[in-house]
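Written out below as structure tokens is the structure these notes cover.
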Amino acid sequence: AETTIGEAIGESRVALVLGAEGEGLRHNSIAHCDIIAKLPISPRMESLNVSNAAAIALYAATNR
């Protein structure tokens with residue numbers, strides 16, 4: 001994904017779909033999404049725990 005979560009969240013309703021740690025979203029799930037977004041993280045970090053990613057995404061969604 002090239003779009004960050006902050007860029008993707010607008011004024012309309014949002015559904016956050018989170019993938020499994022390691023494997024990410026299934027192709028079928030991706031096919032049903034309007035926008036695929038990512039959380040910007042440090043290049044030194046490989047990934048985030050899915051519960052941490054959910055907390056950050058929900059914070060971004062509630063502060064729009």
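The values are calculated or read from the model by the stated rules, or taken from the named source; none is laboratory data. Predicted model only: the values in this text are computed from it and were never measured. Ideal geometry is used to build each Cβ from the backbone, glycine not excepted, and the neighbour counts take in all protein chains shown.
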| query | Restricting the search to the range 29-42, which residues are surrounded by fewer than 12 Cβ atoms within 10 Å (Cβ to Cβ) and either assigned to a helix (DSSP H, G or I) or among the polar types (S, T, N, Q) (or both)? | reply | ALA31, SER42
| note | Here the residues within the range 1-28 that are outside any loop (DSSP other than H, G, I, E, B) and free of Cβ contacts under 8 Å to residues at least 12 places away in the same chain are GLY24, HIS27, ASN28
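For the range 44-64, which residues satisfy the criterion of being assigned to a loop (DSSP other than H, G, I, E, B) and farther than 17 Å from ARG13 by Cα? Show your work before the answer.
Of all residues in the range 44-64, those assigned to a loop (DSSP other than H, G, I, E, B) come to 44-49, 63-64.
Those that are assigned to a loop (DSSP other than H, G, I, E, B) and farther than 17 Å from ARG13 by Cα: ARG44, MET45, GLU46, SER47, LEU48, ASN49.
Residue-by-condition table, conditions (1) exposed (fewer than 13 other Cβ atoms within 10 Å of the Cβ); (2) in contact with a Leu (Cβ under 6 Å, 6 or more places away or on another chain); (3) modelled with pLDDT of 90 or more; (4) among the hydrophobic types (A, V, I, L, M, F, W, C):
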{"position": "THR4", "(1), (2), (3), (4)": "no, no, no, no"}
{"position": "ARG44", "(1), (2), (3), (4)": "yes, no, yes, no"}
{"position": "LEU48", "(1), (2), (3), (4)": "no, no, no, yes"}
{"position": "ALA55", "(1), (2), (3), (4)": "yes, no, yes, yes"}
| said: Can you list residue pairs whose Cβ atoms sit under 7 Å apart, with the first residue in the range 50-64 being touching a residue at least 24 places away in the same chain (Cβ under 8 Å) and the second being surrounded by 15 or more Cβ atoms within 10 Å (Cβ to Cβ) and assigned to a loop (DSSP other than H, G, I, E, B)? Count only pairs 6 or more apart in sequence or on different chains. | reply: ALA53/LEU39; ILE56/LEU39; ALA57/LEU39; ALA60/ILE9; ALA61/ILE9; ALA61/VAL14; ARG64/ILE9
